[in-house]
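The values are calculated or read from the model by the stated rules, or taken from the named source; none is laboratory data. All of these numbers come straight from a predicted model, not from anything done at the bench. Because the Cβ atoms are built from the backbone with ideal geometry, glycine has one as well, and the counts that use them run over all protein chains shown.
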Amino acid sequence: MSFLQLSKVSKSYEGPAGGQSILVFQDANLELEPGQSAAIVGPSGSGKSTLLNIIGALDKPTSGIVQVDGQNIPELQDKAAAAFRNLTVGFIFQIHHLLPQCTVLENVLVPTQAGHTKKEHVGVINQRARSLLGDVGLSQRVQHRPGELSGGERQRVSVARALINQPKILLADEPTGALDQENSSNLVDILLKLQKEKNLTLIVVTHSMPIAEKMDQVYRLENGTMQKL
Amino acid sequence: MLLRCNIAHFWRRNLGVILGSALCTMVLAGALLVGDSVRESLHRIAEQRIGQVDSLLFTEDRFFREALATQLEEKLDATAAPIFILRGSVSNPDADEETGQIARVPNIQVLGIDERFFQLAPRDSAASLPLEDGRVYVNQRLAKRLAIDNGATLNIRLEEPALFSRDAPLSGTSDKVARISRQKVSKILGPEEFGNFALHGSQIPPYTIYIPIQSLRDGIETEGQKANLLLIGKSAQTEFSTNMANDVLEEVWALEDGGIEYLKVNDGRDWSLRSGSIFINHVLEKGFRKVAPATNAGVMTYLVNAFEANGRTAPYSFATAFQPGAAPELPNNLADDEILVNQWLAEDLGLKPGSELSLKYFITQGRRELKESTATFKVRAILPMPKKFSKGQESDWTPAFPGLSDEENCRDWEPGFAIDENKIREKDEDYWDDYRGTPKAYINLSAGQKMWSNRWGQTTGIRIPVHKIAKDDLDNTIKEYVTASDAGLHFKDLRGKALESAKGSIDLGEYISYFSFFIILASLALTGMLFVFSIEQRNQQAGVLLAIGYTEGKVRRLFLIEGIVLAIAGGIVGCILSLVYAKGILWGLTNVWKDATGAMQFDFTTNFVAISMGFAIGIFMAAIALWLASHKQLRKEPRELLNAGDQLEIRTKGRPTGKLSHFLSIALFVGGLLYITFTGGSGSGAASANFFLSGFLFLLAALFFFNGRLARIAYHQGDTPDLNVLGFRNTARRRGRSLVTIGVLASGVFMVVAVSSFHVTGERDWEKKTSGTGGFAIVAKSAIPIYNDLNTKQGREEFGLDEKILAKTNIVPFRVREGDDASCLNLNKATEPTILGINPSELAGRFKFAGTKHDWSLLDADKNVPDILPGIADQNTVTYALQQKLGGLIDYKDENGRPFQIRIAGVIQGSLLQGRVLIAEKYFIEKFPSQAGYRYFLADTKSEEIETVAAHLSNILHDQGMEAHPAWKRLGEFLAVQNSYLSIFQALGGLGLLLGTAGLGIVVARNLMERRHELGLLEAIGYSLQSIRKMAIVEHRWLMLWGLAAGTGTALIAVWPAILSRQGGFPASELGVLLLGLAASSLFWIWLATILSLKNSAIPDLRKE
């Protein structure tokens, strides 16, 4: 069995009262091993983010199997799902969703306060956070607040945040959607570099084919079906 | 870390939460401070009232030696102040009514004092106040009432006290008013100078005048250095207590102090024990009988109107009933129907042994009504006459009847009934000169007691052979069997009772917190609502935290702890504000709602414990509100939170129909109606509880109704979506928020509207017998008792009352035993309320009883248990002053210090008899036999003559200190207290309501802020900014109207039973004005919030998207 396996995963939503249900996609399949990367492309509204949310235990499929590292993700109870998202998955959103009330360093440390991680010395965690910020080129900005950063810098902080708990999977939903071309390119390079260094499984949802082609696998989600390209 | 970041970053946004918590704590801590301040103030007033006195001895109409005070001082190493205390009235002969001075004040307290009185004053420096003949002091209250200053001249009228009760037969004339004229006021005494001295606890001191004790004695022509009140304090003995004082009293009291006399009779062969009250009361007789029990003999001497036999009459003569052994010359086996006559009478009426002789005599019934009775005897023997008396000598048999024994001639007698001088013959005057009160006939004691026994006693002397006891031993021997308490001498713990009383009958702080309930509710609702707004604005942050692995519980706890920290900050601010709030309430109690407190001046007391408690409770309640408001937040998928952010609206599964809500609404409404039907609702005895419970049910029903309506409105379709339709549908977008707004407004309106309906006046329907006046037109009280029946020609003539003015007037008199004022006018706790003794049949059908089967005949019920008397009292007295209920027991002591209880057998509602306990007259005179006359009156008269009759009674009976007023006015004074408390409730409820309407403004601002993009869209597609504002106002106007309608409607239903049962009337115009004001205030806040939120175009917000 693969490290990450989606098998005949379908998703539909209930329609308005008395109406038919709305199919998003059906029978989606995907398999990845540790250290592999995949891109999911497709038109707007095709369900790419929904699929990513299902993998990240932020949503549940209507049917099908979603397994990560031997765990059946849809069957996880709330607390176990939260622990999964905290320890196994690192999320990068299109909009960075940094907390404006915290500094850059504090934003990176936020996932360590969720209560699922083993007790580590504060110094060790801080050091790891600073190291990650160094990896994304923000060593000099640790005490700054999100409002003092550019869009690209904020997104890099969100990358560091996603990696602080040493996850096995990195899920990035349109990570460059709000960035210009230069920042987009920089960000993708950072992602791939870190993915290789840390042997992460990376799934990226994107509109951009150049970005998609940098991944090991590319899937297209369109008209309710997913095809491997 | 995150908590610290959140608090530091969002404190501005969270000011509303801090404010809400501050308000809640301010009110709670403030209420507790008010309660403490009131208690401290009452304590201060109690200390001023009693000064440095610990115990008091009060004998009322009995008098002890002033020297007793000195003896007690020595033994107890204390200060003992003898006082002569009487009731009276005072007049200012030089009163200038144009300058506001009034001529007369009835019902004043006259204190005859010496320098020791001021030694016990609160302030030691008062001890140097001098006492001079012809000069008096007055207290501030009296000076203010008379509008006088130092140097004013006053006349005092008071009743000459008498040991012999003026109700008793042969007690002499009842009209004994003493006048002490032209006393100059030296100084007006303040509270620290004993200006507030009183025997009973009240925040309002009695009108008091202080006169040197000897001047008072001279004025009332009392012999000897006597007093009837003794105060003890400042004892150097650390274990001093009232029990110790009573123990010492037992050692040092003399028989004279208890009005006990003895003299040698029968040529020195016997002692005759007597009482200054003429008839020896049962307690004393019981003690006397224990002295040489085998040989003592009782006697009873009485004045008979006439002896009649053989067609002849001997008028106005004394007869004696005796027990064997009373005199050696009298046989020991006289039968009940036999009589001995002296030679004089035998010759006068032609009697011989075997002749029939009739005695005609008066017995006194209530109100000095005289009933003449006749008894017939058979002459057994004729006794020789004694030697003629020398001047000043008096008969051994006859005590000193006032009005008789001190007169030179029979024609000058004033025995208490009219003497027909025409019947008195020369020979009768000769007999009086030669033999004074020597009885002309003798019967045996049991026959005499059958005829002449009365509530004051059944003997006038107890004879004991001298050889049985020596003089020195007689005093001690009597004291072996008669205690000081038996003789009416016992100390009471004045200090203990005063401080207990000062704890108050009601906890005003508790009441203020109840009255502030709506401010607390509104501030908590505001706190919760603003907290939820704050959470909603950070929905995306919450989504991030959930997405990166925080559990829902952890995120919620994070927000809640943040809220609690803010609440604590608000609590600290609230504690500071509570000082201002409490001071404001106390100012209001003194100046605005003074009817509730008698315009009492309160001392503000800062109490750390009270503030801490208010802080703790406030934080706790705020935490509950925050939890309730937020516990349903964040129940969304993290992706929803991330995507929609603060614009997220609650979505339910499927489309709600509101059927369940409507069903619950109907069920609760019907439940409320059934509750009112079966319990009587707010018109019943448990009016408050029923009102709140039924109101609560109706309000809940209204909220469920609106919940169902809003659910349907949200999914309504089919109308053309113009601005009115959009505005109407928008009410349902945030159903929870809309319901909170409607609920807070409805609750506030409910309380304010309902409370307005409870305001009552005394004037409405006063003529109804079931009203608070009992249908009586006039209520009156006198300082000096009135003994005669004021409904009879004789009684009215006695005082010079005009028969024409009083032709349609009937007066019901009440006996009065002074005690604590247990009405709502007294903030002090009442332990022994004033007792009124009444003939129950005279109140039949009057006033309204709380129990349907109760009436005044309850008072005449036989005592099931000895020493437990049935009593009736007003509901306010029972519930609030005494904190009792039906069947409760109140402890009293009779005039001999013996304990008894009054059981609350019946309760009357909302009456002017508030503050007192009523018992049957027969039981009253059983327990207080020497309490003569009547001092409280209710009168029927024609309504158009009330003022005339009241003025006539007050003017003619001014010597008796009579004050007569329309009954509805007196009732109004009590109702004013109730109305004051309602006003406090309304004022505080109104403040809370203002807070609620301001909250409405916040809701408006919040709603509009969340929909900036949507409103920008409307503008973009062509709606003007003005029309969008109009839509917003329409939307929120609906919430306001529903809140007002729900509150008003439910209030009217809940108070309807009260309105019907009390005939209190419905203040429709007042309510109309109130509701218009509320609507205007709400509309103002809606308009202001709309204008501020939609000041500029929303299109730029659309571009940001």
note = Taking first residues from the range B:75-86 that are farther than 15 Å from B:Gly233 by Cβ and second residues anywhere that are among the β-branched types (Val, Ile, Thr) and not in a strand (DSSP E or B), the pairs with Cβ under 7 Å that are 6 or more apart or on different chains are B:Phe84/B:Ile213
task = Sort out which residues of the range A:1-51 are over 19 Å from the mean Cα position of the chain (by Cα), within 21 Å of A:Lys168 (Cα to Cα) and modelled with pLDDT of 85 or more, and write them in order of number.
result = A:Ser7
task = For residues that are surrounded by fewer than 19 Cβ atoms within 10 Å (Cβ to Cβ) and polar (S, T, N, Q), scanning just the range B:374-409, find the one that is farthest from the chain's Cα centre (by Cα).
result = B:Ser390
note = Of the residues in the range B:593-610, those that are at negative phi and within 21 Å of the chain's Cα centre (by Cα) number 8
Residue satisfying condition, being under 32 Å from the mean Cα position of the chain (by Cα), assigned to a strand (DSSP E or B) and not basic (Lys, Arg), within set B:Leu154, B:Leu142 = B:Leu154
query = Regarding B:Glu536, is this residue away from chain A (no Cβ under 14 Å), among the acidic types (Asp, Glu), farther than 30 Å from B:Ile204 by Cα and in contact with a Lys or Arg (Cβ under 9 Å, 6 or more places away or on another chain)?
reply = yes
request  = Determine the pairs where a residue that is within 14 Å of chain A (Cβ to nearest Cβ), located within the range B:617-641, has a partner that is in a helix (DSSP H, G or I) and surrounded by fewer than 19 Cβ atoms within 10 Å (Cβ to Cβ) with Cβ atoms under 6 Å apart, the partner being 6 or more residues away or on another chain.
outcome  = B:Leu634/B:Glu552
inquiry  = So for the range B:563-575 (the condition being within 30 Å of B:Leu3 (Cβ to Cβ), of a type outside the set (S, T, N, Q) and within 36 Å of the chain's Cα centre (by Cα)), does at least one residue qualify?
reply    = yes
query = In the range B:42-82, which residues are among the hydroxyl-bearing types (Ser, Thr, Tyr) and touching a helix residue (DSSP H, G or I) at 6+ places or on another chain (Cβ under 9 Å)?
reply = B:Ser55, B:Thr59, B:Thr79
request  = Examine the range B:923-942 for a residue that is more than 24 Å from the chain's Cα centre (by Cα) and assigned to a helix (DSSP H, G or I), and state whether such a residue exists.
outcome  = yes
query = Of all residues in the range A:154-208, how many are in a helix (DSSP H, G or I) and within 14 Å of chain B (Cβ to nearest Cβ)?
reply = 9
key: Index of the failed condition, A:Gly115 passing every other in (1) assigned to a loop (DSSP other than H, G, I, E, B); (2) surrounded by fewer than 17 Cβ atoms within 10 Å (Cβ to Cβ); (3) more than 9 Å from chain B (Cβ to nearest Cβ)   = (3)
ask   = Can you name the residue in the range B:1-18 that is surrounded by 19 or more Cβ atoms within 10 Å (Cβ to Cβ) and touching a Ser or Thr at 6+ places or on another chain (Cβ under 8 Å) and is also farthest from the other protein chains (Cβ to nearest Cβ) among such residues?
value = B:Gly16
key: Verdict on A:Gly152 being within 14 Å of A:His96 (Cα to Cα) and surrounded by fewer than 21 Cβ atoms within 10 Å (Cβ to Cβ)   = yes
note = Quick count over the range A:91-101, residues being within 8 Å of chain B (Cβ to nearest Cβ) and in contact with a strand residue (DSSP E or B) (Cβ under 8 Å, 6 or more places away or on another chain), is 2
Which listed residue is surrounded by fewer than 21 Cβ atoms within 10 Å (Cβ to Cβ) and out of contact with any Lys or Arg (no Cβ under 9 Å at 6 or more places or on another chain), from A:Val124, A:Val142 = A:Val124
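How many of the residues making up the range B:105-142 are within 15 Å of B:Leu229 (Cα to Cα) and of a type in the set (A, V, I, L, M)?
Residues that pass the stated criteria total 4.
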message = Residues that are of a type in the set (Val, Ile, Thr), in contact with a Lys or Arg (Cβ under 6 Å, 6 or more places away or on another chain) and at pLDDT 90 or above: does the range A:65-86 have at least one?
response = no
ask   = Restricting to the range A:118-154, what's the tally of residues that are farther than 27 Å from A:Ser184 by Cα and under 19 Å from the mean Cα position of the chain (by Cα)?
value = 0
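Only one residue in B:Ala375, B:Ala321 is in contact with a Leu (Cβ under 9 Å, 6 or more places away or on another chain) and within 24 Å of B:Lys423 (Cα to Cα). Which one?
Step by step, each of B:Ala375, B:Ala321 is checked, and only B:Ala375 is in contact with a Leu (Cβ under 9 Å, 6 or more places away or on another chain) and within 24 Å of B:Lys423 (Cα to Cα).
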task = Go through the range A:34-83 and give me each residue that's under 24 Å from A:Lys193 (Cα atoms), in contact with a helix residue (DSSP H, G or I) (Cβ under 7 Å, 6 or more places away or on another chain) and within 9 Å of chain B (Cβ to nearest Cβ).
result = A:Asn53, A:Gly56
task = Report, by residue number, each residue of the range B:549-567 that is facing another protein chain (nearest Cβ under 10 Å) and either surrounded by fewer than 23 Cβ atoms within 10 Å (Cβ to Cβ) or more than 17 Å from A:Ala81 (Cα to Cα) (or both).
result = B:Thr551, B:Glu552, B:Gly553, B:Lys554, B:Leu558
query = Taking into account only those residues within the range B:546-579 that are without any contact (Cβ under 8 Å) to a residue 24 or more places away in the chain and among the aliphatic types (A, V, I, L, M), which is farthest from B:Leu23 (Cα to Cα)?
reply = B:Ile548
ask   = Within the range B:414-430, is there a residue that is crowded, with 22+ Cβ neighbours inside 10 Å and either in contact with a His (Cβ under 8 Å, 6 or more places away or on another chain) or of a type in the set (Phe, Trp, Tyr) (or both)?
value = no
request  = Give, as residue ranges, the helices (runs of 4 or more DSSP H) completely inside the range B:412-509 that count at least 2 residues that are farther than 30 Å from B:Pro833 by Cβ.
outcome  = B:426-435, B:445-452, B:471-481
message = Just to check your reading of the model, which residue among B:Leu995, B:Leu971 is assigned to a helix (DSSP H, G or I), at pLDDT 80 or above and crowded, with 20+ Cβ neighbours inside 10 Å?
response = B:Leu971
